[in-house]
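Below is one structure, written out as structure tokens, with a few remarks after it.
The values are calculated or read from the model by the stated rules, or taken from the named source; none is laboratory data. Predicted model only: the values in this text are computed from it and were never measured. Here the Cβ positions follow ideal geometry from the backbone for every residue, glycine too, while neighbour counts run over all protein chains shown. Remember, those area values only see protein heavy atoms, side chains included, never the ligands or the DNA or RNA. Shrake-Rupley method; radii C 1.70, N 1.55, O 1.52, S 1.80 Å.
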Amino acid sequence: MSPFRGLHIPGEGEVERYMRKITPELLQSVKSHLLVRRTPNKLLALVQLNTGFRLS
């Protein structure tokens, strides 16, 4: 049994966000955005998108 079973977090579940449908066009636009922008995690994000591996 988990010790967190009865844990209640105030505000949890109150905000719902719309999840966009992931399409090949959306993935391509994200990849092209990552290639153009200079972000420190660009390579990590591209690896995750291309392989499906989650790198932490």
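Estimated at 0.36 nm per residue, the fully extended path between H8 and T23 surpasses their Cα-Cα distance by 1.9 nm. Carbon and sulfur atoms: what percent of the 1.4 Å accessible area of the chain do they account for? Heavy-atom surface of the chain belonging to carbon and sulfur, 1.4 Å probe: 58 percent. Can you tell me the 0 to 90 degree angle between the C-alpha axis of helix 42-51 and the longest principal axis of the chain, rounded to 10? Approximately 80 degrees, to the nearest ten. Looking at the chain, the accessible area is 105 square angstrom per residue; that uses a 1.4 Å probe and ignores ligands, DNA and RNA.
All Cα-Cα distances of the chain, cut into 10 Å bins from zero to the largest, leave 17, 31, 24, 23, 5 percent in each bin in turn. Under a model in which nothing but the beta-carbon of Lys, Arg (+1) and Asp, Glu (-1) is charged, the chain shows a dipole of about 320 debye around its Cα centre.
Backbone phi angles across the range 22-35, fed through the Karplus curve with coefficients 6.51, -1.76 and 1.60 (θ = phi - 60°), yield HN-Hα couplings of 7, 10, x, 5, 5, 4, 5, 5, 5, 4, 5, 5, 5, 5 Hz in residue order; Gly and Pro are listed as x.
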